[in-house]
Every structure is written in structure tokens, then in C-alpha cells.
Amino acid sequence: MDKKTEIKRLIAEYAVAGELCWRDIYAQLTLCNHEGTDILAETEKGAARIQVKGRWDKQWPHLKGPRGNDTFLVLVDLKNKRGGDRPDFYVLTTAEWDKLFREQRQKQGCDDPDVETAMVLEHREQWVKIEQALGLGQRT
């Protein structure tokens, strides 16, 4: 991975970790040490694995997605963002990703479909999915 790609990956992962910390969730980047897990998140009541994918262009290309009931996919939209701009976040459970993946694979006719923003709009800012999985209950 080249340096520019690595920096972009880290921007997305740190942005997600920051959002989780604001929600009283301890978030630790794995820095490529766990296959399919970019962030380990926990509270006193639970733990979860977070897979993060950032995009700077039209779509998130060739996503494999999360595996396991305690895993979430957070898509980070950094297109047209500059330093200091807050990215858009789309939070999906494994089941939601699997459904989207199957639908897009069939539509696009390939094993690793690209994902565009319009396909995930209903998941925008859905941090409550992770909060509830970690025992934080309904938050406002």
C-alpha cells in the first residue's frame, strides 16, 4: 500500500474511532493486526469489531464486508471533504451488509460489486446500532 493510500485509510479509521469515543465507547485501532477488523470497540457491557471503508471518489470499490454477529461496517464518505470537514458515516450490521451485497452482486453481475452513496442512505449516522449492541441502550 502506498503512503497516500495508507494516510487516507487512517483518516477514515480515526474519524470512526473519534465518533465512537464521543459516544462513550472505547475504540482502539488495530492498525492492520486483525484481519477484517479495523477497530475494536467496547463498553463495560459489550464489545464489537468495526470494519471501516473510506471513499474519496464516486463509490466504495470492491467491498467484502463484515463477518460475524458482533461486527459492523462503517462506510466513511470523504469525497469533496477538506481538513476540518466532518465526513458522512453509514453504519451497517453484518445482516444489512449481506442483504445489500447480494442485491448489488446480482444487479452488477460480479462477485465484488461497487457501492455508491445512494445505496446506503438509510444507514446514514445510524450509530445507535453499535450503541445498542454494546449495551448503551436507546440514546438521544
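General observations
- Selection of the stretch 15-32 for residues being surrounded by 15 or more Cβ atoms within 10 Å (Cβ to Cβ), in a helix (DSSP H, G or I) and either among the hydrophobic types (A, V, I, L, M, F, W, C) or touching a Leu at 6+ places or on another chain (Cβ under 9 Å) (or both) yields Ala15, Val16, Ala17, Leu20.
- Filter pass, Asp98 being assigned to a helix (DSSP H, G or I) and surrounded by 12 or more Cβ atoms within 10 Å (Cβ to Cβ): yes
- Annotation note: Cβ proximity below 6 Å between a residue of the stretch 2-25 that is under 24 Å from Val128 (Cα atoms) and a residue that is outside any helix (DSSP H, G or I) and polar (S, T, N, Q) (sequence gap 6+ or interchain) occurs for Ile25/Thr43.
- For the stretch 78-95, the condition of being more than 21 Å from Thr5 (Cα to Cα) and assigned to a helix (DSSP H, G or I) holds for at least one residue.
Residues checked against (1) on the phi > 0 side of the Ramachandran plot; (2) modelled with pLDDT under 90:
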{"site": "Asp24", "(1), (2)": "yes, no"}
{"site": "Leu31", "(1), (2)": "yes, yes"}
{"site": "Ala47", "(1), (2)": "no, no"}
{"site": "Val76", "(1), (2)": "no, no"}
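- Taking the stretch 110-140 as the range and being modelled with pLDDT under 85, farther than 23 Å from Gly46 by Cβ and surrounded by fewer than 17 Cβ atoms within 10 Å (Cβ to Cβ) as the test, the residues that pass are Cys110, Asp111, Asp112, Asp114.
- Subset of the stretch 28-65 (residues that are of a type in the set (Ser, Thr, Tyr) and in contact with a Phe, Trp or Tyr (Cβ under 9 Å, 6 or more places away or on another chain)): Thr43
- The residue pairs whose first member lies in the stretch 78-92 and is in contact (Cβ under 8 Å) with a residue 40 or more places away in the chain, whose second member is part of a strand (DSSP E or B) and among the charged types (D, E, K, R), and whose beta carbons are closer than 9 Å, counting only pairs six or more residues apart or on different chains, are Leu78/Arg55; Leu78/Asp88; Pro87/Asp77; Phe89/Asp77; Phe89/Arg124.
The values are calculated or read from the model by the stated rules, or taken from the named source; none is laboratory data. In this text the structure is predicted, and so the values were computed from the model without any measurement. Here the Cβ is made from the backbone with ideal geometry for all residues, glycine too, and neighbour counts use every protein chain on show.
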